[in-house]
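The values are calculated or read from the model by the stated rules, or taken from the named source; none is laboratory data. These numbers come from a predicted model, not from an experiment. Glycine also receives a Cβ, built like all others from the backbone with ideal geometry; neighbour counts cover every protein chain displayed.
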Amino acid sequence: MLQNRLEPVLDPRALARELSNKLLIDGALVPAVTGRSFPVVNPATQEQIAVAAEGTAPDVDVAVQAARKAQKAWAKLAGRERGRLVQECGRLLNEHVEEIARLITLETGKAIRTESRVEAGVFADVLVFYGGLGSELKGESVPFKPGMLTITQREPIGVVGAIIPWNVPLLLMALKIAPALVAGNAVVVKSAEEAPLAVLRACQIMNQVLPPGILNILSGDGPGCGAPLVAHKGVGKVTFTGSVETGKLVYKMAADKLIPVTLELGGKSPMIVMGDADLDKAVEGAVIGMRFTRQGQSCTAASRIFVQDGIHDAFVAKLKAKVDAMKMGDPLDEATDIGTIISKQQFDKVKGYIKLGEETPGATALRCSAMPADAKLGRGYFVQPVIFTGVANDNRLCREEIFGPVTCILKFRDYEDAIRQANDSEYGLAATIWTRDLKTALDATQRLEAGLVQVNQNLVVQANMSYGGVKSSGLGKEASLESMLEHFTQKKTIILNLA
Ligand code: ADP
């Protein structure tokens, strides 16, 4: 447990410097064994704001050993007591929402009002939610034979390796560490190269409450730090959010050790708007669903919007007007709705897809909003949101995950056609249908191939609702009580002969 109570640091640049070159292992901030580091860049300006310690296999080993040692006593605490401590972390984090929001904005370019502050608040909320489930780690009693008591018991797995991406790093980390900890595991997190600071700060704050070694966090690159974490023989479970390709690599490495994995991968989520839908609500749903405020950097982004032909043109016009009214600008400015793309690499990738769309015969690109005028943002990775029309479902724009502010609106004739096209994708993370007809809505909920199907709304991940995809979108669920039980415990069957 860290001794001095941390005070919020509201200057994100000062905080970034303070967190420079640090891993958090066994309750202490330490540099990497090699002493190496890599730059952390503000994507709104390209200024270097910090260096992150470059964890490699020796750091992974020290962290896993510390976690293994600490987990033994942690597992012996009553589940409810572990939950109480995790809730305490959530309450403490609530006092740090503003500093964390500013820090995450600085390192990711996400707008503070529309994105970062919300994410920091949800992070704390997920800890409070899971903290309340400490007494729900129940097993079953099994009717077997007279004179025999047969029960199943849920036990922690041991050390969990958690690998997270950069788009919503705090939320995605919370969905992993909160259930893992409450279930009695210790965790070693590997943060994303692009966003190592806010998650480190959050773990530092939590370490004021948790015993040392229970929650460790490493920064470093995928092959150099993530891969040794998955491969470490002391890690008994891996939970991963990221790309399909890396997810498959992680799955293969885990197979070598025969350990369970949870994978939350990509998406190409369809949104079906029937001719009878409430048009204004559907348009609002497209703005939220496409995560324009997050520059479309979301696995559930509504990046394929199927609109019935009679209302297609009106829908496109209304959506364009809505996105036009959103302000791109300095992510730390309260007036800003839309910030920047995370990195040069993603910026080039997104631009590449936009070029591809523009070169597609018959396609129209509607550029929305306006680039920021502020000269100091001239080097920022800003991309104007683009709505494409006239693109077919077999175009790469509709097949591949762009992870940028680019959506395609496709016309359809009838419901059957819409369902067929919506399901014609390698992904199956989320889907929505917009209609006033109950029969159509119910039918669609049964036929859409996705882990999360919503009717007339496009909500983001909610605590206590299982979240996770089918097909190439992943394996397993997150965010609920069941996901904690299924993914962070193992079952033991116990038979007592009392005869
Ligand atoms: P993205 O394209 O969003 O960066 P990745 O799947 O490459 O998605 O990254 C998600 C997370 O997986 C990051 O923390 C990254 O460092 C990590 N990662 C990348 N490659 C590997 C690997 N070979 N083994 C384990 N983790 C990896």
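Show the residue pairs that are 6+ apart or on different chains and have beta-carbon atoms under 6 Å apart, the first residue being within the range 217-246 and touching a residue at least 60 places away in the same chain (Cβ under 8 Å), the second being among the hydroxyl-bearing types (Ser, Thr, Tyr) and within 8 Å of the ligand (Cβ to nearest atom).
Here the result reads 219/191, each pair linking the range 217-246 to a residue that is among the hydroxyl-bearing types (Ser, Thr, Tyr) and within 8 Å of the ligand (Cβ to nearest atom).
Determine, yes or no, whether residue 436 is closer than 30 Å to residue 46 by Cβ, in the same structural domain as residue 353 (by TED's automatic domain parsing), outside any helix (DSSP H, G or I) and not hydroxyl-bearing (Ser, Thr, Tyr). Talk me through it step by step, then tell me what you get.
On the way: closer than 30 Å to residue 46 by Cβ: no; in the same structural domain as residue 353 (by TED's automatic domain parsing): yes; outside any helix (DSSP H, G or I): yes; not hydroxyl-bearing (Ser, Thr, Tyr): yes.
No.
What number goes with the only condition from (1) in contact with a Cys (Cβ under 9 Å, 6 or more places away or on another chain); (2) more than 14 Å from the ligand (Cβ to nearest atom); (3) outside any helix (DSSP H, G or I); (4) of a type outside the set (S, T, N, Q) that residue 189 does not pass?
(2)
Could you list all residues from the range 215-235 that are assigned to a loop (DSSP other than H, G, I, E, B) and near the ligand (Cβ under 6 Å from one of its atoms)?
Filtering the range 215-235 down to residues assigned to a loop (DSSP other than H, G, I, E, B) leaves 219-221, 232-235.
Listed by number, the list holds a single entry, 221.
Enumerate the pairs (first residue in the range 42-65 and more than 18 Å from residue 163 (Cβ to Cβ) and free of Cβ contacts under 8 Å to residues at least 60 places away in the same chain; second residue anywhere and surrounded by fewer than 24 Cβ atoms within 10 Å (Cβ to Cβ) and among the aromatic types (Phe, Trp, Tyr)) with beta-carbon separation below 8 Å, excluding pairs fewer than 6 apart on the same chain, so at least 6 apart or on different chains.
51/38
Does residue 147 count as surrounded by fewer than 24 Cβ atoms within 10 Å (Cβ to Cβ), away from the ligand (no atom under 16 Å from the Cβ) and farther than 14 Å from residue 488 by Cβ?
Values: surrounded by fewer than 24 Cβ atoms within 10 Å (Cβ to Cβ): yes; away from the ligand (no atom under 16 Å from the Cβ): yes; farther than 14 Å from residue 488 by Cβ: yes.
So residue 147 fits the description; yes.
When both residues are 6+ apart or on different chains and their Cβ atoms are under 6 Å apart, which pairs have a first residue that lies in the range 129-143 and is surrounded by fewer than 16 Cβ atoms within 10 Å (Cβ to Cβ), and a second that is among the basic types (Lys, Arg)?
135/80
Could you tell me which residue of the range 154-171 is nearest to residue 212 (Cα to Cα), considering only residues that are more than 10 Å from the ligand (Cβ to nearest atom) and crowded, with 24+ Cβ neighbours inside 10 Å?
So the first thing to find is which residues in the range 154-171 are more than 10 Å from the ligand (Cβ to nearest atom), and the list is 154-160, 168, 170-171.
From what is left, the residues that are crowded, with 24+ Cβ neighbours inside 10 Å are 156, 159-160, 168, 170.
Details: 156: 18, 159: 14, 160: 15, 168: 26, 170: 20 Å.
It comes out as 159.
Out of 226, 266, 247, report the one residue that is at pLDDT below 95 and under 17 Å from the mean Cα position of the chain (by Cα). I'd like the intermediate steps shown before the answer.
Working: 226 fails: at pLDDT below 95; 247 fails: at pLDDT below 95.
One residue alone meets the criteria, 266.
Looking only at residues in the range 392-415 that are under 21 Å from residue 340 (Cβ atoms) and part of a strand (DSSP E or B), which one is nearest to the ligand (Cβ to nearest atom)? Break it down stepwise before answering.
From the range 392-415, those under 21 Å from residue 340 (Cβ atoms) are 401-407; that's our starting set.
With part of a strand (DSSP E or B) added as a condition, the list becomes 406-407.
Details: 406: 16, 407: 19 Å.
Selected residue: 406.
With respect to residue 279, is the statement that it is touching a residue at least 40 places away in the same chain (Cβ under 8 Å) and more than 11 Å from the ligand (Cβ to nearest atom) true? Give the steps one after another, and end with the answer.
On the way: touching a residue at least 40 places away in the same chain (Cβ under 8 Å): no; more than 11 Å from the ligand (Cβ to nearest atom): yes.
So residue 279 does not fit the description; no.
Can you name the helices (runs of 4 or more DSSP H) wholly within the range 6-122 that have at least 1 residues being over 21 Å from the mean Cα position of the chain (by Cα)?
In the range 6-122, 12-18, 57-76, 79-94 are the helices (runs of 4 or more DSSP H) which contain 1 or more residues that are over 21 Å from the mean Cα position of the chain (by Cα).
Can you tell me which residue among 195, 202 is within 16 Å of the ligand (Cβ to nearest atom), within 27 Å of residue 112 (Cβ to Cβ), in contact (Cβ under 8 Å) with a residue 40 or more places away in the chain and outside any helix (DSSP H, G or I)? If you could, list the steps in order and put the result at the bottom.
On the way: 202 fails: outside any helix (DSSP H, G or I).
Criteria check complete, one pass: 195.
Could you grab me the full set of residues in the range 244-275 that are hydroxyl-bearing (Ser, Thr, Tyr) and either away from the ligand (no atom under 14 Å from the Cβ) or under 20 Å from residue 177 (Cα atoms) (or both)? First the steps, then the outcome.
From the range 244-275, those hydroxyl-bearing (Ser, Thr, Tyr) are 246, 251, 262, 269; that's our starting set.
251, 262, 269 - these are the residues of the range 244-275 that are hydroxyl-bearing (Ser, Thr, Tyr) and either away from the ligand (no atom under 14 Å from the Cβ) or under 20 Å from residue 177 (Cα atoms) (or both).
Right, residue 28: surrounded by fewer than 21 Cβ atoms within 10 Å (Cβ to Cβ) and in contact (Cβ under 8 Å) with a residue 60 or more places away in the chain or not?
Details: surrounded by fewer than 21 Cβ atoms within 10 Å (Cβ to Cβ): yes; in contact (Cβ under 8 Å) with a residue 60 or more places away in the chain: yes.
Here the answer is yes, as residue 28 does meet what is asked.
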